[in-house]
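Just below is one structure, and these are the notes that go with it.
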Amino acid sequence: MPFGPVILPAGQILFRLWAPSAGNVELCLHSSVGQILIEMESNQEGWFHAISDQAKVGTNYNFVIDHELLVPDPASRFQPDGVHGPSQVIDPRAFDWRDKGWLGLPWEAAVTYEMHVGTFSTEGTFRAVRDKLDYLVQLGVTAIELMPLAEVPGSRNWGYDGVLLFAPYSRYGRPEELKELIQAAHEREVMVFLDVVYNHFGPEGNYLHAYAKPFFTDRYDTPWGSAINFDGPDCLSVRQFFINNALFWLNEYHLDGLRLDAVHAIYDNSKVHILEELAETIRKNLEPERHVHLILENDDNQADFIQPNGDNRPRWYTAQWNDDLHHALHVLATGESSGYYADYVDSASERTPVEHLGRALTQGFAYQGERSTYRDGRHRGQPSGHLPATVFVGFLQNHDQIGNRAFGERIQVLASEEAIKAMVAVHLLSPSPPVLFMGQEWGTEKPFLYFCNMGPELAPLVTAGRRKEFAKFPEFSEPMKRDAIPDPCDQATFLKSVLDWSELLEGKHRQWFDYYEQLIALRRREIIPRLADLVNGSGAFRCFGCQALRVTWSLRKGGELALLANLSDVELYLSGSDMAACLDGKHGCGRLLFQSRANAMERLRSGIMYPWTVIWSVTDE
């Protein structure tokens, strides 16, 4: 890795820094007797280096830019005192890995549990997560997805304000404690993914502007700060920085995959897009037998990056989060129509909410080039119906869909229990590999609010900016109502978001857990073994009434997986032709896998579907 310190065979340590905007760089070593300054040599490419026999593993160090500014190493492996403090030399070979036989799991087996380490438990540490692994195994989880871990300012943060991308957040524990968590997960045959942010750096503690200005460009804008320079002058080292960061997490921490945040805000007009180069480099540099999964979040609904090879293996990226599926489920369950939900209601679209759901279930994206009302009529998306169903990640909750609400409400307080149970059954048994958000499985009503802990200069701006975001919503048109939105910089906002594990002792929460456990077990037993046999592009749906549909996916041997659902609070009476379509289609009803009511199928045979009814069946030939 060209970035960060290297322990040489003789025990000396090589320090390197790319600082093309600096005239002079010194290495500052911190010792018990004070600071030691060492002049660093430079070359024409903007690199500075120094070899020291006075530094050792555990030594704290900084770089001094032009005799004035003390900065941490942008490739620091650990920041014991936060983003403004010194970096610490870590030996990447010191940890005793015992998972050498672990190769990961096929993507089809993924049942992912997204978590924020700081609010997952009252301790908010890597160790506390490790202590809950057996619980997650019992639930049926096969992958943990950690929200970003890069060092951020302050004592609490979602993680998307990271500025030191190689250093796991010191508030959660030391690097070896994160490695212990990952190793313990592998011992239980659970994969670990990490959410990484390659579209911007956070606003506090980012010193790159002072000595490495080519990291940024003003040719593009992002909602969160300066855009990264992936295609302008001196971009080669910038591209390598992020590619090496991805390889670092996958190799040094034995992670099983990465989720790349908001790649629609990664701008690159190079002949080879940075996302292509990053994926190709990873695929070439990792052992071919390892199951390493690269997952995108992409609001643009681009299908190119998730197009598989001819053998259905990923060419670049394994899968992509499917917001369209979430939005359609949410609108059907809650009736909400503000913000981006406006694109999924009858008045703003040519399709009804249930038609959007049918399209998302069978073709991946509901928007495949159509105009988006929410996006001022701009076209959104690419055709995706030809892609495997498994390249789309489904969810009913995640950190964004909860935390980007003004009051961080979960769907548990926005919809009826019947509606939520129906949506969960659709979500967990559909071909798209599912994501759960922490606490969802026991039906917690605890909010997940947006929180951070910026310094005194930035904190008021963050608070004002958060409330300004909601000014365009009718319910927050008055300043007094906006002032009621929780202050992200207030510690109380963070504390409200911490999970309360004692809820699991309550009957209603235990019932929710049992429901999720039952459905995940059914997915593992009946759905996952069939995912490799799904015929690409074979998904089809037919709508009945205003909010009911039948969905089918063909299997290679001639059978099909089928969903029949009434996603409304009214009883549905089927006509003769609708009855025929439901009961006497190509494969009939098949073998019943799940029904949300004990006599739902029997009732269907008499032409009636209960409200919020979900029926899954399969026919194997």
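See the values below:
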| read-out | value |
| --- | --- |
| Between helix 353-363 and the chain: long-axis angle, C-alpha atoms, 0 to 90°, nearest 10 | 70 degrees |
| Exposure proxy ranking, count of Cβ atoms within 10 Å, fewest first, for MET1, MET609 | MET1, MET609 |
| Among 101-114, 251-264, the order from most to least packed when residues are scored by Cβ within 10 Å on average | 251-264, 101-114 |
| LYS271/LYS213 FRET efficiency (R0 25 Å; Cβ-Cβ; nearest 0.05) | 0.55 |
| Dipole-positive endmost among ASN244, VAL137, LEU531 within the chain (Cβ charges, Cα centre) | LEU531 |
| All Cα pairs of the range 6-88, percent lying beyond 14 Å | 60 percent |
| Gain in span if fully extended, ASP81 to ASN24, counting 0.36 nm per residue against the direct Cα distance | 18.0 nm |
| Segment ALA464-LEU70, extension gain: residue separation times 0.36 nm, minus the distance between their alpha carbons | 138.8 nm |
| Charged-residue dipole, Cβ positions (Lys, Arg, Asp, Glu), the chain about Cα centre, Debye nearest 20 | 1240 debye |
| Exposure proxy order (Cβ contacts within 10 Å, fewest to most) of HIS327, HIS49 | HIS49, HIS327 |
| Ordering of 165-172, 574-581, 307-314, 516-523 by packing [mean C-beta count within 10 Å, highest first] | 165-172, 516-523, 574-581, 307-314 |
| Relative contact order %, the chain, counting alpha carbon pairs below 8 Å whose residues are six or more apart | 10 percent |
| Simple label model, 7 Å out from Cα along Cβ direction - GLU350 to GLN491, nm | 5.5 nm |
| Rounded to whole Hz, the Karplus (6.51, -1.76, 1.60) HN-Hα couplings of the range 375-392, x for glycine and proline | 9, 6, x, 6, 6, 9, x, 10, x, 9, x, 7, 7, x, 4, 7, 8, 10 |
| DSSP beta bridges in the chain [antiparallel fraction, %, rounded to 5] | 70 percent |
| Relative contact order of the range 291-443, defined on C-alpha pairs under 8 angstrom at six or more residues apart (%) | 22 percent |
| Computed [θ] at 222 nm, helices only, for the chain once each DSSP H run of length n ≥ 4 contributes -39500 (n - 2.57) | -7000 deg cm²/dmol |
| Spatial separation of Cα centroids for the range 222-301 and the range 551-574, in angstrom | 38 Å |
| DSSP-loop GluC sites (Glu not before Pro) across the range 1-66, with at most 14 other Cβ within 10 angstrom | GLU45 |
| Separation of alpha-carbon centers, the range 140-198 and the range 479-502, rounded to whole Å | 23 Å |
| On Cα atoms only, tilt of 507-522 relative to the major axis of the chain in degrees | 90 degrees |
| The range 400-484 - percent relative contact order, Cα under 8 Å, separation 6 or more | 33 percent |
| Computed label-point distance, nm, for sites ALA484 and VAL57 using a 7 Å Cα→Cβ extension | 5.6 nm |
| Cα-projected label distance for GLU287 with GLU475, points at 7 Å along beta-carbon direction, nm | 5.1 nm |
| Order of GLU560, GLU336 under a 10 Å beta carbon neighbour criterion, fewest first | GLU336, GLU560 |
| Between 0 and 90°, nearest 10: helix 417-429 axis offset from the chain longest Cα axis | 70 degrees |
| Rounded Å value of the spacing that divides the Cα centres of the range 18-86 and the range 402-437 | 47 Å |
| Integer Hz, Karplus 6.51/-1.76/1.60 couplings in order for the range 53-63, x for Gly and Pro | 9, 9, 8, 8, 4, x, 5, 8, 8, 9, 10 |
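Every number in this text was worked out from the coordinates using simple rules, so none of it is lab data. It should be emphasised that the depicted structure is a prediction, and the values quoted were computed from it without experimental measurement. Neighbour counts run over all protein chains shown; Cβ positions are idealised from the backbone, glycine included.
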